[in-house]
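> Structure below; questions to follow.
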Ligand code: PEP
Ligand code: MG
């Protein structure tokens with residue numbers, strides 16, 4: 001789907017890498033900087049103290065309300081963190097300390113800083129869970145101080161009107177907390193199309209463009225038109241032209257939203273079209289779409305903010321929510337893919353010069369005895385307590401060798417679950433036939449497969465052309481993996497971002513891929529496109545793509561066959 005409306009009247013049109021389709025027009029917001037409040041000995045006059053006190057109470061109440069509102073709109077871990085921080089802004093002990101200091105002459109900013117330091121010292125001394133709250137306490141202090149000073153909210157803001165968020169980059173945890181009804185578009189200077197910020201934006205359905213040079217010069221409040229399909233951010237466009245572009249996209253989106261599944265080519269070749277999710281809320285939202293099940297549940301995204309490992313019972317509850325959303329359909333859970341750009345505080349791993357090449361994915365299990373077993377126990381417990389009619393499939397990320405696959409499969413089978421592995425490392429694609437001797441299915445993670453095949457960091461905006469999933473070398477490895485699946489008569493899916501591109505999805509089917517899993521927001525466009533082509537067309541396009549030498553030619557030859 002693409003918007004053909006150009007914006008000739010815009011002040012500037014900045015171009016980046018499109019990652020989440022959609023066209024929106026709204027004013028810009030930016031993450032606020034964190035002011036460093038100082039504790040001073042300035043004493044305010046007795047008469048001024050009541051007003052100072054009122055100012056502090058109002059600021060704390062505003063911050064608490066804002067965080068509560070954000071929590072109500074968020075889901076999973078993000079909702080929890082925001083609710084805890086809202087409660088902290090209203091904590092009686094902390095507020096009383098601040099108020100006492102104001103009563104004895106401190107101004108509100110200094111009093112908030114001093115009381116926070118007292119509490120932080122106390123929490124640190126108590127250790128454990130209390131010590132872990134210190135970061136949240138500082139975050140609340142920074143928000144209250146910004147409110148007192150009339151400065152923008154630090155970190156990711158909660159704008160009063162629907163807005164487009166522009167940032168250098170965002171942490172995955174920040175992105176997970178975004179409210180799509182308020183942050184209607186997202187563009188970053190850094191990042192790549194498969195960075196986890198982009199992935200979460202896709203799951204939230206927020207139109208998003210990454211790797212956009214020149215964003216730094218666009219101030220908060222400036223009206224922009226963001227096209228997540230073309231990758232353009234138009235600065236100060238003609239409002240009428242922008243409104244027409246938004247409307248044109250809405251009509252196009254409505255048309256493909258009419259696709260209701262099940263996934264199949266025009267001549268009836270069945271292909272499961274599934275959703276990638278990150279928690280129960282995401283799975284429930286996916287179940288409202290035509291997605292036939294869950295092809296990738298990124299379990300680690302439930303725990304990005306957690307300091308300590310969640311108990312087996314808590315994990316079982318969280319996984320159970322996803323199973324409950326699809327009681328009779330395919331659900332594929334991925335075990336924790338910690339490390340690299342998704343560090344989990346409770347999964348210990350060494351400081352590394354090259355974390356993407358280091359201890360991540362299944363490799364984390366070695367240095368954290370029991371972590372994988374406890375997660376598998378939790379999945380088995382979730383299955384036992386849910387009335388699912390199908391055994392869920394469970395797969396490991398970042399498998400490099402058949403031996404790793406065999407060890408993982410044994411653990412999964414011993415819990416009466418269906419084992420599979422992700423193919424993300426070229427070595428695993430090359431030995432897919434030998435890996436398939438141990439597992440029941442494969443799922444290709446094209447994001448990492450592109451990163452490792454092309455030796456190009458998926459987070460790097462400079463290398464976005466190399467990590468393009470249309471790279472013929474990446475597709476050659478996909479073809480080899482699919483061929484091994486066909487020979488073993490076992491399913492091979494794709495759950496990387498390649499499956500979210502309708503044209504490429506058809507090529508993947510032509511290569512022999514048996515299921516496609518993408519963000520729920522991309523499912524209808526993928527399903528609708530697939531329904532418009534025959535399997536023979538897909539195969540012709542796939543064969544032509546494998547003959548090319550660069551991604552643009554690959555796209556072009558596929559378009560020639562598939563339209
Ligand atoms: C992938 O690498 O393509 C994948 C699906 O896993 P993630 O993006 O979470 O690394
Ligand atoms: Mg991956």
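The values are calculated or read from the model by the stated rules, or taken from the named source; none is laboratory data. Since this is a predicted model, take the numbers as computed values, not measurements. Positions of Cβ are backbone-derived with ideal geometry, glycine not excepted, and every protein chain shown enters the neighbour counts.
Residue-by-condition table, conditions (1) in contact with a helix residue (DSSP H, G or I) (Cβ under 9 Å, 6 or more places away or on another chain); (2) under 21 Å from residue 449 (Cα atoms):
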| site | (1), (2) |
| --- | --- |
| 378 | yes, no |
| 392 | yes, no |
| 403 | no, yes |
| 410 | no, no |
| 417 | yes, no |
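> Please specify each residue of the range 462-507 satisfying the condition of being touching a strand residue (DSSP E or B) at 6+ places or on another chain (Cβ under 7 Å) and either in a helix (DSSP H, G or I) or over 21 Å from residue 530 (Cα atoms) (or both). If you could, list the steps in order and put the result at the bottom.
Taking the range 462-507 and keeping what is touching a strand residue (DSSP E or B) at 6+ places or on another chain (Cβ under 7 Å), we get 464, 478, 481-482, 485, 490-496, 499-500, 505.
Answer for the range 462-507, where residues must be touching a strand residue (DSSP E or B) at 6+ places or on another chain (Cβ under 7 Å) and either in a helix (DSSP H, G or I) or over 21 Å from residue 530 (Cα atoms) (or both): 464, 478, 481, 482, 485, 490, 499, 500, 505.
> Based on what the data block shows, is residue 497 at pLDDT below 95 and under 23 Å from residue 357 (Cβ atoms)? Explain how you work it out, then say what you get.
Details: at pLDDT below 95: yes; under 23 Å from residue 357 (Cβ atoms): yes.
For residue 497, the condition - at pLDDT below 95 and under 23 Å from residue 357 (Cβ atoms) - is met.
> Suppose the filter is at pLDDT 95 or above and more than 16 Å from ligand 1 (Cβ to nearest atom); does residue 449 pass it?
Values: at pLDDT 95 or above: yes; more than 16 Å from ligand 1 (Cβ to nearest atom): no.
No; evaluated as a whole, the condition is false for this residue.
> Oh, and also: Which residue out of 421, 425, 439, 412 is within 16 Å of ligand 2 (Cβ to nearest atom) and either assigned by TED's automatic domain parsing to the domain that holds residue 210 or closer than 16 Å to residue 376 by Cβ (or both)? Lay out the reasoning, then the answer.
Values: 425 fails: either assigned by TED's automatic domain parsing to the domain that holds residue 210 or closer than 16 Å to residue 376 by Cβ (or both); 439 fails: within 16 Å of ligand 2 (Cβ to nearest atom); 412 fails: within 16 Å of ligand 2 (Cβ to nearest atom).
Step by step, each of 421, 425, 439, 412 is checked, and only 421 is within 16 Å of ligand 2 (Cβ to nearest atom) and either assigned by TED's automatic domain parsing to the domain that holds residue 210 or closer than 16 Å to residue 376 by Cβ (or both).
> Over 15 Å from the mean Cα position of the chain (by Cα), surrounded by fewer than 21 Cβ atoms within 10 Å (Cβ to Cβ), away from ligand 1 (no atom under 14 Å from the Cβ) and under 26 Å from residue 387 (Cβ atoms), is that true of residue 324? First the steps, then the outcome.
Numbers: over 15 Å from the mean Cα position of the chain (by Cα): yes; surrounded by fewer than 21 Cβ atoms within 10 Å (Cβ to Cβ): yes; away from ligand 1 (no atom under 14 Å from the Cβ): yes; under 26 Å from residue 387 (Cβ atoms): yes.
Yes.
> Would you call residue 288 surrounded by fewer than 20 Cβ atoms within 10 Å (Cβ to Cβ) and in the same structural domain as residue 414 (by TED's automatic domain parsing)? Can you show your working first?
Numbers: surrounded by fewer than 20 Cβ atoms within 10 Å (Cβ to Cβ): yes; in the same structural domain as residue 414 (by TED's automatic domain parsing): yes.
It is true that residue 288 is surrounded by fewer than 20 Cβ atoms within 10 Å (Cβ to Cβ) and in the same structural domain as residue 414 (by TED's automatic domain parsing).
> If you don't mind, there's one more thing I want to ask. Tell me, yes or no, whether the range 286-299 has at least one residue that is in contact (Cβ under 8 Å) with a residue 24 or more places away in the chain, on the phi < 0 side of the Ramachandran plot, in a helix (DSSP H, G or I) and within 16 Å of the chain's Cα centre (by Cα).
Yes, because at least one residue in the range 286-299 is in contact (Cβ under 8 Å) with a residue 24 or more places away in the chain, on the phi < 0 side of the Ramachandran plot, in a helix (DSSP H, G or I) and within 16 Å of the chain's Cα centre (by Cα).
> What residue, among those in the range 358-380 that are within 16 Å of ligand 2 (Cβ to nearest atom) and in a loop (DSSP other than H, G, I, E, B), is surrounded by the fewest Cβ atoms within 10 Å (Cβ to Cβ)?
Taking the range 358-380 and keeping what is within 16 Å of ligand 2 (Cβ to nearest atom), we get 358-365.
Now restrict to residues that are in a loop (DSSP other than H, G, I, E, B): 358-360.
Details: 358: 15, 359: 21, 360: 23.
Here the residue is 358.
> Does residue 333 satisfy the condition of being in a strand (DSSP E or B) and assigned by TED's automatic domain parsing to the domain that holds residue 278?
Details: in a strand (DSSP E or B): yes; assigned by TED's automatic domain parsing to the domain that holds residue 278: yes.
Taking the combined requirement at face value, the residue satisfies it.
Residue-wise test of (1) more than 27 Å from residue 319 (Cβ to Cβ); (2) surrounded by fewer than 21 Cβ atoms within 10 Å (Cβ to Cβ).
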position: 204; (1), (2): no, no
position: 232; (1), (2): yes, no
position: 239; (1), (2): yes, yes
position: 247; (1), (2): yes, yes
position: 254; (1), (2): yes, yes
position: 261; (1), (2): no, yes
position: 264; (1), (2): yes, yes
position: 274; (1), (2): no, no
position: 280; (1), (2): no, no
